[in-house]
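The values are calculated or read from the model by the stated rules, or taken from the named source; none is laboratory data. Everything numeric here is computed off the predicted structure, so don't read it as measured data. Surface areas here come from the heavy atoms of the whole protein model, side chains and all, with no ligands, DNA or RNA. Shrake-Rupley method; radii C 1.70, N 1.55, O 1.52, S 1.80 Å.
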Amino acid sequence: MVIYMFYNYKIKNDILYLYVDDRCEIGSLFNSDKNRSITSKVKKYIKDHKIEFNGFKVILLLSGLMLGTVYLNKNPMVNNYDVYKDNKYVYNIVDKTVPDISVEEKIDDLLKDAAEIKEDAEVTKTVQNNNSIKKQESKETSNNTKDDTANSSITNNNNFSTGKVITLNRTRGDVVQINLEEYLIGVVAAEMPASFNLEALKSQAIVARTYTLKLLESKRTITDDVSTQVYKDNAELKNMWGNSYNTYYNKIKNAVSSTSGLCITYNGSLIDAVYHSTSNGYTEDSVKVWGNDIPYLKTVTSPWDTSASSYLKENTISYDKIRTVLGINFDSSSIIEIISKDESGRISNIKFGDKVLTGVEVRNLLGLRSADFDFMMTDTGVLFTTRGYGHGVGMSQYGANGMANSGYSYDKIIKYYYSGVNIVKRY
């Protein structure tokens, strides 16, 4: 079983705080042997967990007490981490580079977005979970109360020029005919936080439009839940956004209307425009999740995700649930062993007791947020610490927002996450 000396971390004021597992021997933690030194252990933990840490001071904590301080002799960077392949670590297996943009462009765009980011910083979001093959968990919504005074004229004046209409099957039972571009407003609003950068919202609009057109092409039923894409009508958006309804509605309408008709193709055909909330620092190859080798759904680095609120989460799952769901005898004395990881750092194969499962199977069966996770046995169950949220394939929404905040436009974001694609106007 893999047991790290540390079980969690946080970064504050350029200092990395590592929480020491109380099951380890404190003496061995500070062993003077070079190969087992505390510095080596700290560096290994940073590397294995792909922690974006640009400082050099590390403080070790045990049960709230400070054990000591470690100073690193170099600054680890996210895009230089070793990744696990063929039972060994390989240096920088992902060689896809981030598109260049000048410092001046970054500064101008950041200054332009600063007021909007500050205004939206207090909006709380709740992530919508999606376990379908199409796309997953993506939306963190506001808990504001319904705004009864919202301007109703916005609801009735979309004025979209396209005549394309879709049939939408609502989970509440009714079936409605709705203009595609109007429908996309409700999808983008439900699938991505409205507080995100406008360029990220434009990316989401094009991705959602592409996915919808692909549904129509394959004659699949379009619903308003995670089986296709989540959709919210204006009444639901007013309830979700409260006093911010007018501001957010117009912002998302702008993202949709300014990209009207644009979609993503590969070799002339619509792509499977899958996306997810947050990666673990790398997106995943589609073949690792669904077994389909798709040329535009390959692993790329996504370091922007590691600073997202949804990146690192903990969840304890009881031994009883593990026994039931996995169909095995399992308790606190049982063994969990990571057998292998893939190029993205996610678990390929893992052993629970005598049963070997894929990381994707464990994630789906136990309802974990990601297939990149650590674990620790406790008295009541297994404590899982996950990195990222979703299957990891295609566009990372938090990554897209990070790119947008760094000055990248929607087309660069899309072409970064989907390799070799084109953005074309279909209507």
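Observations
- Accessible-area value, Leu312, 1.4 Å probe, nucleic acids and ligands omitted, Å²: 40 Å²
- Residue pairs exceeding 25 angstrom between C-alpha atoms, taken from Lys202/Lys238; Lys232/Lys298; Lys10/Lys43; Lys47/Lys351; Lys251/Lys415; Lys232/Lys288: Lys232/Lys298; Lys232/Lys288.
- Rel. contact order, % - alpha carbon contacts under 8 angstrom, at least six apart, region 289-371: 19 percent
- When the Cα convex hull of region 262-351 is projected onto planes of every orientation, the mean area is 8.5 nm².
- Area accessible to solvent at Lys164, 1.4 Å probe radius, in Å²: 70 Å²
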